[in-house]
Structure formats: C-alpha cells, structure tokens
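First comes the structure, then the notes that go with it.
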Amino acid sequence: MKKNNKGITLITLVITIVVILILATIATNTGIETIKSSEFTKFTTELKIMQTQVNNLYEKYQNNEKINGVEVLTLGEEIEDNEKISKQAEKVFTGEASGVIDKMGYKYYSQNTIKELKIEGINQEFFINIQKRKIISYLGMEYKNKRYYTLEQLPDGLYNVEYKKNNEKPTFTVGQNLIGENKYNITVKIDKTYSGYANKWKVRYKKQDSEFYKTSDNLNFIIDGGGIYNLQIQNGEIESDIKEQNIGIIQDGLIVHYDSNINTRKGNNKYTKKWEDLSGNTNDGTISEGISFKESYLNFEITGNKVDIGELNYPYLTAEISFEYKNGSYLIGNANNGGYRLYIDENKRILGEIYNNGSYHTLTSELKVEEGKRYNVILTYDGNKLSLYINGKMEKYLLLNGEIETAKDNTKLTIGSTYNLEQINEIPSFVGKIYGVKIYNRALSQEELNINYNITS
C-alpha cells in the first residue's frame, strides 16, 4: 500500500506554519516587553535624577540661596491656578494612585521650568514639594498592570540595587521639617561613603521613654510629638548603630511658637488673619491690616502694623525672632515700665532689654543689620544673666540679678510695632519679613539654643 506523500507534506506544512506563528508571537511579545521594560527603566532613572535635583534645591532653600534671582519656594506653578493641572492633581493625590493625599506645598514643574533649572535627561513633568523633598510624576507610568508615580512605589528589584556587600556599618543623618502642631516630617539620608545596599532601607524609631520601636518602610516619614528619639536604619541583615536624635524644638517652658511656613495648627494658610500658636497654649496672634503671609514669611509692608499676642509676663525669659530687615525698628516686646523688648536702633544695631529693679537694662550688638539678610535674634534672662544671641552665637551678656517686672497698664506683647502708643516715635514700627517667633518662660541653655537654631535656622 502506497503512502500519501501529498497528505504528509500538507500536514507538515500546516504544522510548520503554526510553529512559525507561535514563535513570531513569542518574539513579538518578548520585543514589546523588552521595550516596556526599557521605557520603565528610563522612567525610574528620571525619577532618581529629579530626586537628586530636588535635594539640591532643598539645600539652597535651607541656605536662603536664590535660583535665577528668585526664591526656591517660588519655583513652579500653583496647582490651583490651572484647571487642567488641578484636575490631574485630583487623580494623582490619592492613596490609590501616588499614595500621597496632602497636596499642600506642592507645585507643578513643567518642562519649561525644568529646562530653566538646566536639568538634563528629563522628559516628564512633576508635582514637587521642596520643603518635604518629595517628587511625584505628573502622569506616572503603567508597568505590568500597575501605574507608578513615586520612587517609593517602585518594585524592590528595580530600586533596591546592591553595589557590594561589606561588613562596615552604615551611617546616616536626620533632617526634619515642621508640618503642623508638634508634627515633623523626618528625612533620613544615608551617608554617601557607605558602599553597601543603595536603597530600600527601613527606619526603626522610638521616643526614649517609649518601650517599643515603630518602623518606617522608607526614609521619609512623619513623627507626632517632639523629644529625644532613638533611630536605626536596617536593610536585610545590615543595620546601623542606634542614633540619639532630638526631634523638634525644645518644648519645656515653650509659651508661644509661631512659624510662617506652618502658620496654622492645620498647616499653611496665606489668607489667615490669625498667626496660630503651635506651642499647644493657643496664644494666637491677631494680625493687623497691611500684613500678609507670603510663601515663607509674614510680610510687614508698611509702617504701623503689628501682631497682637496678649498679656504675657514672666520673671525669666527666652525670646527668639527670625527676620529680614528693610527699615523701621521694633521687633518684639511688651516693655512699659516692666517687661522686655528687642528692636533696632538708628545705627542699625540690635538692642535687647529687660526692666527690673526699677530700670531698663540694655544689651547692644556690635553687629549692624543689613537690608535683605536674614537674622535670628534671641534674648535670654535667667535671674542672674542677660544674654543676646545673633545667628546662633552669643553677642553680648550682662550679669544682673532679680526678676523681669510685670509690664504696666495691661501692655500686650506685640510683634512689629509697640502696643504702647507713646513709644512709637521713640521706636518706629518694623518693615520687612518675619519668619518665626518662639517665647519661653525660662532661659534656655546653650545646648538647647543650639538644638532650636539647627532646626529652624
């Protein structure tokens, strides 16, 4: 019986065609997957490049440096000013999308803005918060059925790069930003000299009087409540030594705490007419007309304006004010045959004085203030010593015994202009920028002053 060679040939041909189609499909899918993987790698690379640039911008912001002649926090566009951007922000700022739900402080960075900053290798646009050092991709990218917007969302295999293993212990620094009443955004930065794992660190932290540690799966997290904390970073079997770190400003004796970046207990509100106290004592300040909040300061535009705080009298004191001078004189105080005050004289020198034992006692700085420069000035009195500090260093002191006497005639503590109208000609009102104020009912130690200065300067 003869074989059907034609039949065999036809079947073989059909099988061959099917195999070729299968191989072509596999090759096509593999090619598509390779392209998508390449695109995603580029996407993640751009996120990393932009994160590095934002870290650099944050450093410039901390040092009060300007970019192309403008303040760092003014870069980018307000989200709410553009309907299209605002609608996209509604999609992005959710727990399901980016994982970030609070868009306060974020700006939209277009391609034009990025090019003006001379940042190369970026084709995306971003939502960026300089103060939090946080970047979010404007459109994100879908990869393997998930859309990614931030570095924190990246799969471990893509962002947990192991350079080489070694036995050295990693070291780190801790940055912090006030974001609400006694609430701080913590940023842990790994020492660049460490040559082990690059990313995906965990942070263990606890307040020293607490029994148990908490854990953050990324290097940026929020702590409620200041104090002394123990922190440690971990990556698999690698872990650092435990670092002791003060989080937040000193709380003991704090009576008033105003911050122009966080000017209400719920965050920043540039339209508020109250400068809300973050100390927990609700000693809110009432803002007069002619004063307005800008990006990072309270702007005293013309003379005669002030912030009324109230009747606050204490026998001992730490009064701190951060400002940028334009003209005028009065900074803060309640002096009226009692009390204290800080002001600038006609020679541009800073004066701090208290009233005790029936007269004023004054410290006058050698330093002269210059227009456009930021200054941090502190006056302390502990019953034995009156001290004046400027930008973290003691400028003058005077040995003096007794207590600060109570200001007469219900004189209120004020910022920018004296409450006692008879003193206005003697000490003209302040014109310039006020960044923050802290008042304690005791004299802080040098160590405590250093802690506060390093956090808020």
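The values are calculated or read from the model by the stated rules, or taken from the named source; none is laboratory data. Owing to the predicted nature of the structure, the values given are computational and were not obtained by experimental measurement. Don't worry about glycine lacking a Cβ; one is built from the backbone with ideal geometry, like all the others, and counts go over all protein chains shown. Heavy atoms of the whole protein, side chains included, go into the accessibility calculation; ligands, DNA and RNA do not. Shrake-Rupley method; radii C 1.70, N 1.55, O 1.52, S 1.80 Å.
Brief remarks follow.
- Between the labelled values [x] 26, 58, 16, 1, 0; [y] 21, 45, 23, 6, 3, 1, 0; [z] 19, 42, 27, 11, 2, 0, the entry that holds P(r) over Cα pairs in 20 Å bins from 0, in percent as derived from this structure is [y].
- Cleavage-rule hits, GluC sites (Glu not before Pro), the range 94-159, DSSP coil, Cβ neighbours within 10 Å at most 12: Glu96, Glu120
- The apolar share of the surface of the chain, taken as the fraction of accessible area on carbon and sulfur atoms (1.4 Å probe, ligands and nucleic acids excluded), comes to 48 percent.
- Spacing of the two label points (7 Å from each Cα toward its C-beta) at Lys66 and Arg147, in nm: 3.9 nm
- Rounded to the nearest 500, the helix-only mean residue ellipticity at 222 nm of the chain stands at -6500 deg cm²/dmol, with each DSSP H run of n ≥ 4 adding -39,500 (n - 2.57).
- Separation of alpha-carbon centers, the range 259-296 and the range 54-95, rounded to whole Å: 21 Å
- On Cα atoms only, tilt of 83-92 relative to the major axis of the chain in degrees: 70 degrees
- Relative contact order computed over the chain (Cα-Cα under 8 Å; 6+ residues apart), in percent: 11 percent
- Given R0 = 25 Å, the distance between the Cβ atoms of Lys202 and Ile49 translates into a calculated FRET efficiency of 0.55.
- Folded to 0 to 90 degrees: helix 5-62 orientation relative to the chain principal axis, Cα: 10 degrees
- The long axis of helix 446-456 is offset from the longest Cα principal axis of the chain by roughly 50 degrees.
- Once all protein chains are placed together, Lys412 keeps about 70 Å² accessible to a 1.4 angstrom probe.
- Glu168 paired with Asn281, simple spin-label distance in nm, labels 7 Å along Cα-to-beta-carbon: 4.7 nm
- Cβ-placed point charges (K, R +1; D, E -1), dipole of the chain about Cα centre in debye, nearest 20: 2340 debye
- The residues of the chain present an accessible area of 52 Å² per residue when probed at 1.4 Å with all protein chains retained.
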